[in-house]
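Below is one structure, written out as structure tokens; comments come after it.
Where a number appears in this text, it was derived from the coordinates with a stated rule and is not lab data. Bear in mind the structure is a predicted one, so any value in this text is a computation, not a measurement. We place every Cβ from the backbone using ideal geometry, glycine too, and count neighbours over all the protein chains shown.
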Amino acid sequence: MESLREECGLVGVYNHKNAAEVLYLGLFSLQHRGQESAGIVISDGRRVSFKKGMGLVWEVFSSEDLKQLKGNFGIAHVRYSTTGSSSEKNVQPFLIEYKGKTLAIAHNGNLVNSYSLRKKLEEKGAIFQTTLDTEIIMHLIVRSNKKSFHEKVKDALSKLKGAFSLLIFTEDCIIAVKDPWGFRPLCLGKINDGYIVASESCAFDLVGAEYVREIEPGEILTISKDGLRSDFLPRRKVSHCIFEFIYFSRPDSKIFGQSVYLARKKLGEKLAEEFPYEGDIVIPIPDSGNIAALGFAERKGIPFEMGIVRNHYVGRTFIQPFQKSREIGVKVKLNPVSEVLKGKKVIVVEDSIVRGTTSRIRIKNLRDAGARKIYMGVSCPPIRFPCFYGIDFPSKKELAASERSIEEIKERIGLDGLYYLSLEGMLSSIGLPEKNFCTACFTGDYRVKVESFLSKEQFE
């Protein structure tokens, strides 16, 4: 995968004596979903504490910070910006003081009617502290004329369109929300005598929690001293993001009730069934292509090799002191193994192609390492359209497949053969009804009309 950013990760815990530690470890498990910033809000029922900052989880929180975060319930967030710039003011959870109480909210997704909502709120005198679409939700909650807080939340959520998995913090409960279309994953777990909520189940494993279930589309789940309470928004056409299975989620997670690992392996098997070329070995583009390549090799009955080795110690701030081209940056991260590749017809399995620029450099490096022929199999269809529901896809004109044929992409990347998994093959690999997936980035069929979303910097 190249030039495609993850979205955000959410963790919430209720009734656990070491809540700060649970939230911290949960964020570590979800670091792949956002590397720009991190934050924790926590309470013991009397006092609210929080720490937020720019950077990776380990950079934001020190051991001393965790000692100061005292409480038995709270919410946490890691962020990659899809609306609002990457800056200190936009770090989540977003906190406010309302009627003498602290409220906080954390969001994974993207609202497609945020521009019109914010404009209406500003015309009514609302003042915004951030450029987050998340802040709009909080304004709608506190401005609702409903009586109880839960009614206010439900009233506010009914005005939203797009993708929103949310955790809302009050001084006596946490509320987990999933939009009525169910775009983004969010699951519930049990931890000792309390509960945990997270974007992916891998966050449960590290803290010894037990997976219970996926939060339902449209569900508003309140976790308090009274236990669990579910309310529901009117259900819409279920539209799970299929890219969560292809690339975003960790392979050891369960999302939307299904194993990511098994889904990726099945994608590779389906790709092998459709693939028109023959090769001597199968290699993945690490790490996101590993499991699809394994399924591909097993189904084809040809050897699986790690023909490219990933350097896991390249930091986000890697600089190129000797060369300005992208080539050194690509090679320092992924280096071919010439002893595996030399003289071979190589099948490369990739999860997706976005712009194609990084792929071109990788294929050149494989040829330089001695590969005789190079065929690429992609475990999803061509990405032809941008996403407005929480994935930072480039604009349509930047997408390799938006205006080019597969033959043109093959030539541009420098391949001897290129094949994308069919839409039907992809949809049949996941284990859920095919109608339950959003495929807008492949087909242009947007399940929720994009009313007013301009760009991630639209409120700057």
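Multiply the residue gap between R235 and K147 by 0.36 nm, knock off their C-alpha separation, and tell me the result in nm, one decimal place.
Details: separation 88, 0.36 × 88 = 31.68 nm, distance 2.37 nm.
Full extension of this stretch gives 29.3 nm more.
Hey, what number do you get for the chain at 222 nm if only DSSP H runs of n ≥ 4 count, each worth -39500 (n - 2.57), divided across all residues, to the nearest 500?
Numbers: 15 runs with 123 residues, N = 460.
That comes out to -7500 deg cm²/dmol.
Distance from the Cα centre of the range 376-449 to that of the range 176-220, in angstrom?
Cα centres, the range 376-449 to the range 176-220: 28 Å.
Please pull out the direction-averaged projected area of the range 262-431, using the convex hull of its alpha-carbon atoms, in nm² to one decimal place.
Numbers: hull surface 41.9 nm².
Orientation-averaged projected area of the Cα hull: 10.5 nm².
Could you give the length gained on full extension between R447 and R46, defined as 0.36 nm per residue of separation minus the Cα-Cα distance, in nm? Don't jump to the answer; show the numbers that get you there.
Working: separation 401, 0.36 × 401 = 144.36 nm, distance 4.31 nm.
Going from the current span to full extension adds 140.0 nm.
Using 0.36 nm per residue of separation minus the Cα-Cα distance, give me the extension gain between K159 and M306 in nm, one decimal. Don't jump to the answer; show the numbers that get you there.
Numbers: separation 147, 0.36 × 147 = 52.92 nm, distance 4.91 nm.
That pair, K159 and M306, stretches by 48.0 nm at full extension.
Modelling each spin label as a point 7 Å along the Cα-to-Cβ direction, I'd like the R355/Y277 distance in nm, to one decimal.
2.3 nm
Counting other beta carbons within 10 Å of each Cβ, put H77, H32, H312, H16 in order, fewest first. Intermediate results must be reported in sequence, preceding the final value.
Values: H77 32, H32 19, H312 8, H16 22.
Least crowded to most crowded, the residues run H312, H32, H16, H77.
Packing-wise, with mean Cβ within 10 Å as the measure, how do 271-279, 284-292, 241-249 rank, highest first? All intermediate terms of the calculation are to be shown ahead of the outcome.
Working: 271-279: 17.7, 284-292: 22.8, 241-249: 26.0.
For the peptides 271-279, 284-292, 241-249, the packing ranking is 241-249, 284-292, 271-279.
Let's test the formula: R0 of 56 Å, r as the Cβ-Cβ distance of S338 and K67. What FRET efficiency results, to the nearest 0.05? Spell out each step's value before the answer.
Details: r = 50 Å, r/R0 = 0.90.
Efficiency at R0 = 56 Å is approximately 0.65.
At a Förster radius of 45 Å, what calculated FRET efficiency corresponds to the Cβ-Cβ distance of D172 and E403, to the nearest 0.05?
Working: r = 54 Å, r/R0 = 1.20.
Rounded to the nearest 0.05, the efficiency is 0.25.
Give the percent of DSSP beta bridges with both residues in the range 262-431 that are antiparallel, rounded to the nearest 5.
On the way: 3 of 18 bridges.
The antiparallel proportion sits near 15 percent.
Tell me, E269, E451 in order of fewest to most beta-carbon neighbours within 10 Å?
Working: E269 20, E451 15.
Placing the least packed residue first, the sequence is E451, E269.
Give me the dipole magnitude in Debye, nearest 20, for the range 262-431 about the Cα centre, with unit charges on the beta carbon: positive for Lys and Arg, negative for Asp and Glu.
Details: 28 positive and 21 negative charges, 111 e Å.
Using only the charged Cβ atoms, the result is roughly 540 debye.
Search the structure for amide H atoms under 5 Å from the amide H of C8, placed 1.01 Å from N in the peptide plane, and list their residues when 5 or more places away or on another chain.
For C8, the qualifying residues are Y80, G109.
Using only the Cα atoms, what convex hull volume per residue in Å³ does the chain have? Spell out each step's value before the answer.
Working: hull volume 65.3 nm³, N = 460.
Considering the Cα atoms of the chain, their hull volume per residue is 142 Å³.
Please list, ordered by chain and number, the residues whose modelled amide H lies under 5 Å from the amide H of I353; skip anything fewer than 5 residues away on the same chain.
For I353, whose amide H was placed from the backbone, the distant partners under 5 Å are I383.
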